[in-house]
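Worksheet for the structure shown next.
The values are calculated or read from the model by the stated rules, or taken from the named source; none is laboratory data. In this text, all values refer to a predicted model and were calculated from it rather than measured experimentally. Note that each Cβ is placed from the backbone with ideal geometry, even for glycine, and that neighbours are counted across all protein chains shown.
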Amino acid sequence: MPGFAIHIGIANEYLRNHPRVNSKEEFINGVIAPDLTDDKNKTHYSKAGSAHTELSTFLKNNDIETSFMQGYFLHLITDYLFYNKYFTNYSKDLYDDYDILNKEIIDEYKVVLPTEIKKYVNFKSGQLKVLEKNKLKRMIKEISEKSLEDYKNEILGGKL
């Protein structure tokens, strides 16, 4: 799963591109909620991890009308696309890459870390081993441009 800074960076870009979200605070709370648990398979609608998120199951079981649930949905979309479209070669080095990129992501996408996640966001220096910075920035841009309604239609139509 992408780190918290990446998730909030995408959320901030989404809010910039789609300003009709009712509560930005609740939207961000929804974005971070799936990773604030020990049972990530349950919160990610998966039997085998974030790469296998069952987006259609999420939509069948949930209404995405509230800002919180919209943020939650964006989180699941981000995880799914991260592993199935943008970064398909998973490795444990990914977590070091998050720590290396966190400061840049926070600065560039104006990320404000909610108190409950600050202890999970680390900062390191070093060389990236898995992530490619330009590809990550393209992913953030592309995911945040499409509306949640368009994602919903693609999922229900079997195109995602």
(message) Taking the conditions exactly as written (touching a residue at least 12 places away in the same chain (Cβ under 8 Å), under 18 Å from Ile6 (Cα atoms) and touching a Leu at 6+ places or on another chain (Cβ under 8 Å)), does Leu76 satisfy them or not?
(response) yes
(request) Just name the residue that is farthest from Leu15 (Cα to Cα) out of those in the stretch 94-152 that are small (Gly, Ala, Ser) and without any contact (Cβ under 8 Å) to a residue 60 or more places away in the chain. (result) Gly126
(message) I need a count of the residues in the stretch 118-128 that are under 16 Å from the mean Cα position of the chain (by Cα) and under 24 Å from Glu142 (Cβ atoms).
(response) 1
(request) Collect the residues in the stretch 22-31 that are in contact with a Gly (Cβ under 8 Å, 6 or more places away or on another chain) and over 19 Å from Thr57 (Cα atoms), keeping them in residue-number order. (result) Glu26, Phe27, Ile28, Asn29
(request) Could you tell me which residue of the stretch 90-118 is modelled with the lowest pLDDT, considering only residues that are surrounded by fewer than 18 Cβ atoms within 10 Å (Cβ to Cβ) and within 26 Å of Thr57 (Cβ to Cβ)? (result) Tyr90
(request) Kindly indicate which of Gly71, Gly49 is surrounded by 14 or more Cβ atoms within 10 Å (Cβ to Cβ), modelled with pLDDT under 90 and among the small types (Gly, Ala, Ser). (result) Gly49
(message) Ser23 - would you say it is surrounded by fewer than 19 Cβ atoms within 10 Å (Cβ to Cβ), among the small types (Gly, Ala, Ser) and in contact with a Ser or Thr (Cβ under 8 Å, 6 or more places away or on another chain)?
(response) yes
